[in-house]
1. Go through 32-39, 15-22, 55-62, 43-50 and give me the packing order, highest mean Cβ count within 10 Å leading.
2. How much of the accessible area of the chain, in percent, comes from carbon and sulfur atoms when a 1.4 Å probe is used?
3. Within the range 10-34, which residues have the backbone N less than 19 Å from the label spot 7 Å out from residue 62 along Cα→beta-carbon, could you tell me?
4. What lysines sit close enough to residue 45 to cross-link, taking a C-alpha to C-alpha distance under 17 Å and skipping anything fewer than 8 places away on the same chain?
5. Based on the alpha-carbon gyration tensor of the chain, what equivalent-ellipsoid semi-axes (square roots of 5 times the eigenvalues) come out, in whole Å, largest first?
6. Mean residue ellipticity at 222 nm from the helices of the chain, using -39,500 (n - 2.57) per DSSP H segment of n ≥ 4 over the full residue count, to the nearest 500 deg cm²/dmol?
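The values are calculated or read from the model by the stated rules, or taken from the named source; none is laboratory data. What you see is a predicted model; the values in this text were computed from it and never measured. Cβ atoms come from the backbone with ideal geometry, glycine included; neighbour counts cover every protein chain shown. Areas reflect the complete protein model, heavy atoms only, side chains present, ligands, DNA and RNA absent. Shrake-Rupley method; radii C 1.70, N 1.55, O 1.52, S 1.80 Å.
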Amino acid sequence: MSEKMVLQCENLCKEYGTKRVLENVTLQIEQGHIYGLIGRNGAGKTTLLSILTAQNAATSGTVSLNGEPVWE
């Protein structure tokens, strides 16, 4: 049986200048599940997704896929 893929972030923070848009976000996303991400405009949804998909660097914290960092 193959191992399910797990995308995990721990204590993720993102700042643009002096504005902090994400603060200490920790979550785990497992293969085979459906997740929803809701919030007002400007809440940081797109920023979070861009960090999880390695399109944007976090100010601090870690993102890993099956224990391996998404950033080289």
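1. Highest-to-lowest ranking by the protection proxy: 43-50, 55-62, 15-22, 32-39.
2. Working: 2830 of 5480 Å².
Whole-percent figure for carbon plus sulfur exposure: 52.
3. Under 19 Å, as judged by backbone N against the label point of residue 62, lie 10-14, 23-30 of the range 10-34.
4. Answer for residue 45, where 17 Å is the Cα cut-off: 14, 19, listed by chain and number.
5. On the way: eigenvalues 103, 44, 16 Å².
Equivalent-ellipsoid dimensions as semi-axes: 23, 15, 9 Å.
6. Numbers: 1 runs with 8 residues, N = 72.
About -3000 deg cm²/dmol.
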